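This report refers to the structure that appears directly beneath it.
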Amino acid sequence: MKKIAVVMCNDMHMDIERSNVLLNHIIQNGSYEVVCDYTIADIVIIQTCAFGEKKKYSVQVIADVRANACSDAKVIVTGCLLSINNEELDALPGIEVKSFEELISIFQQTKTDFVSKIVPQNRVIISEGCLKKCSYCVYPMICGKYKSKSIEDILIEVESLYDTETTIYLTGAQETSDYGIDIYGKPSFPNLLQKACTQFPNCNYVIGWFHPTGLTDEMISVISRNKNVVEIMLHIQHISNPILKSMNRPSFEFTDGKIQKLRELRPDLIISTEVIVGFPGETQLEFENLVAYLEKGYFNDIGVASYEQVLDTPASIMENQIPLEIRQQRLNFIKDKFGACVYPTSNNYEMSVIEEYIKAYSFFETLPRTILNDSQKYNCIAGIDTKTKLNLEDVLQEVSEYISITRSEFDFQRNGSYLKEKYTLESRSLFYSIFENGNFKEGIKLKAKKLLLDN
Ligand code: SF4
């Protein structure tokens, strides 16, 4: 039986959903064994992402897999990256490029008794695509038409989670407020939400990725009637009208009015938001005004991203791009002040897919084939080893911390066992060689040796 691994380059709703569908077909096809470790697989499918930094990450994952998979393994690349970089991907050595639909047709089987969720999630993805055209965002270009599932199908999915989940996320893969336009001729999320709350009342609902334009009176009324709608993720992005206009998003007055109304009717509702700092032309004063607005406390949870110059988007060719250093400062300021969740800042994606691939490939050739032990990998979805390699700095940081906190024999036993269980001998030897050859005191080198190799 051939071994097959599916490696995901992101945890976007739609991609998890697609992975579930694909893995279902593969498992029920009966001719393949699904494995988590791509280094032993005969076929490795890489699900890529094309958004900002994730594009770079996806290319690095391809390079890692190609460098460490069996030499005769078939490596198939699918996902969003195909939509914008198909030709470059085609040029990479030892890679096949296939759309999601092509893969399904290869592995398709006729049985319908699918395993419900392979990658665990309590989310119900109600649609794919986005009809909005935010000037900084590449999704509308790569995701194709908006596609909603029917209300009936969504309610069946909600029902399947109802017995086991106390909270269910209802969300579009990219955008929720346009739900239903394609199949019912008008935005129909309020109708769907009301039906879910009526038929399945004993669980909480969280609404994901909701564009402020969807906060109609009907939507506000459904939320205020149903107290088990506990959270909405409403991304405001900014409060400066000139910036919002450049972003191609609704004015501040529109969004603020809706938020005030929601707050008045449902003071208990969790409203989380996300803002972008360092958008082209953002002045210091506009940034400070944004901070002052966030200080008012309307939001229970804040995420902050620094603007990223994503190729092919209208914003990427706007004048007055803000230097990376200032974007980073503004991001850090909001992170520190509000404890905001941060999306990494990138210095823009400058290398082509091929250049990035060549650079990453030579790096991964020097690393151990696997970093994690199987017991760690099998707790996670495929691809975790790649993720760990790409965050090697974080791994080394962890190892350094263990070295610095280890004092007694008891610590050596406990911490050494932990590291031994988590990382392969090959990777612990690599970590040790970094300490051995680095500019460290002898005591640290001895500790590192004892912790990483002697236990
Ligand atoms: S609403 Fe979201 S997914 Fe759609 S274009 Fe704007 S940022 Fe992108």
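The values are calculated or read from the model by the stated rules, or taken from the named source; none is laboratory data. The structure presented is a predicted model; accordingly, all values stated were derived computationally and were not measured. These area figures cover heavy atoms from the full protein model, side chains too; ligands, DNA and RNA do not enter into them. Shrake-Rupley method; radii C 1.70, N 1.55, O 1.52, S 1.80 Å.
Quick rundown of the values:
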quantity	calculated
Using θ = phi - 60° and Karplus 6.51 cos²θ - 1.76 cosθ + 1.60, couplings along the stretch 262-277 (whole Hz; Gly, Pro as x)	4, 4, 5, 7, 9, x, 7, 5, 7, 10, 9, 9, 9, 10, 10, 10
Relative contact order, percent, the stretch 391-454 [alpha-carbon distance under 8 Å, six or more residues apart]	40 percent
Projected area, mean over directions - the stretch 391-454, Cα convex hull, nm²	3.9 nm²
Listed pairs 147/227; 389/420; 245/387; 74/422; 133/359; 335/447 exceeding 25 Å between Cα atoms	147/227; 245/387; 74/422; 133/359; 335/447
Helical mean residue ellipticity (222 nm; -39500 (n - 2.57) per DSSP H run of 4+; nearest 500) of the chain	-14000 deg cm²/dmol
Under 5 Å, built H, 5+ apart or other chain: amide partners of residue 33	2, 3, 4
Antiparallel DSSP beta bridges within the chain, as percent of all bridges there, nearest 5	5 percent
Under the Karplus curve 6.51 cos²θ - 1.76 cosθ + 1.60, θ = phi - 60°, whole-Hz ³J(HN,Hα) for the stretch 90-98, x wherever Gly or Pro sits	4, 7, 6, x, x, 10, 10, 10, 9
Diffusion constant of the chain at 10 °C, which comes from Stokes-Einstein with the Kirkwood Cα-pair radius and 1.306 mPa s, µm²/s	65 µm²/s
In degrees, nearest ten, helix 353-365 long axis to first principal axis of the chain (Cα)	40 degrees
Cα gyration tensor category, rounded, prolate or oblate, for the stretch 123-343 with a/c compared to 1.5	prolate
In Hz, Karplus ³J(HN,Hα) per residue of the stretch 36-50 (6.51, -1.76, 1.60; θ = phi - 60°; x = Gly, Pro)	8, 8, 6, 6, 10, 7, 7, 10, 10, 9, 10, 8, 8, 10, 10
Heavy-atom accessible area per residue - the chain, 1.4 Å, Å²	46 Å²
Placed amide H near residue 204: partners under 5 Å, 5+ positions off or other chain	167, 168
Span from the the stretch 237-295 Cα centroid across to the the stretch 395-442 one, whole angstrom	46 Å
Largest to smallest principal axis extent of the C-alpha atoms in the stretch 29-179, angstrom	45, 43, 27
